[in-house]
């Protein structure tokens, strides 16, 4: 007589995330409340003025031209403060590669201990 035990359903295989690191970091960063962002991880910012004008500040370009990050941050903050009454809002664009280079080694170090 054949074995009549009920067959167990096969265990589902764990799904693998097939994301490039750039996409993964973008997904992580979009869910973070960003009240303060270090200047060295910014790509650019766009200042939207109340009159409808948009002003782009290319932070990555300023950094690559050799300007000191602290000086850039000071200038940007002062200018934003001076123009506060004319500003509707400001969009900050994070340089994903810079964040990855900064955070990934520390993340790898922490996860290797698990």
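The numbers here are math on the coordinates, done by the rules we state, and not lab data. Please read these numbers as outputs of a predicted model, since none were measured by experiment. Cβ: placed from backbone, ideal geometry, glycine included. Neighbour counts: every protein chain shown.
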* Which of the following residues is surrounded by 13 or more Cβ atoms within 10 Å (Cβ to Cβ), without any contact (Cβ under 8 Å) to a residue 40 or more places away in the chain and assigned to a helix (DSSP H, G or I): 67, 62? -> 62
* Structure fact -> Over region 68-82, the set of residues within 21 Å of residue 43 (Cβ to Cβ) and out of contact with any helix residue (DSSP H, G or I) (no Cβ under 6 Å at 6 or more places or on another chain) is 68, 70, 71, 74, 75, 76, 77, 78, 79, 80
* Asked: Among (1) touching a residue at least 24 places away in the same chain (Cβ under 8 Å); (2) exposed (fewer than 14 other Cβ atoms within 10 Å of the Cβ), which single condition is residue 78 missing?
  -> (1)
